[in-house]
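Each reported figure results from applying straightforward, stated rules to the coordinates on display, with no laboratory input. Small disclaimer: the values here were computed from a predicted structure and weren't measured. Methodologically, a virtual Cβ is constructed for each residue, glycine included, from the backbone with ideal geometry; neighbour enumeration extends over all protein chains shown.
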């Protein structure tokens, strides 16, 4: 199990995030694929920043970071309410 934290930031043209934290967590689950091995996640939302901690059942850290980046990028690309947001590098 690997744990990866990813932050989303709001760009200058992005709208503030106003939905509950649980709604964002549901979006991550809805946009992750079974082969990405997401087991659990924790989310903290603020109007200008969203922090996501993903628990991935993969053997290597590098693979976990790439998978977390891919999942979060997909959410930003496909969710209209995140237009103008960006994914920061996982840490």
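Annotations
- Residue among 43, 6, 76, 58 that alone is in a helix (DSSP H, G or I) and either in contact with a helix residue (DSSP H, G or I) (Cβ under 9 Å, 6 or more places away or on another chain) or free of Cβ contacts under 8 Å to residues at least 40 places away in the same chain (or both): 76
- Selected residue (criterion: nearest to the chain's Cα centre (by Cα)) from residues of the stretch 43-64 that are within 25 Å of residue 14 (Cα to Cα) and crowded, with 17+ Cβ neighbours inside 10 Å: 52
- Residues located in the stretch 28-40, provided they are assigned to a helix (DSSP H, G or I) and either more than 22 Å from residue 9 (Cβ to Cβ) or within 11 Å of the chain's Cα centre (by Cα) (or both): 28, 29, 31, 34, 35, 36
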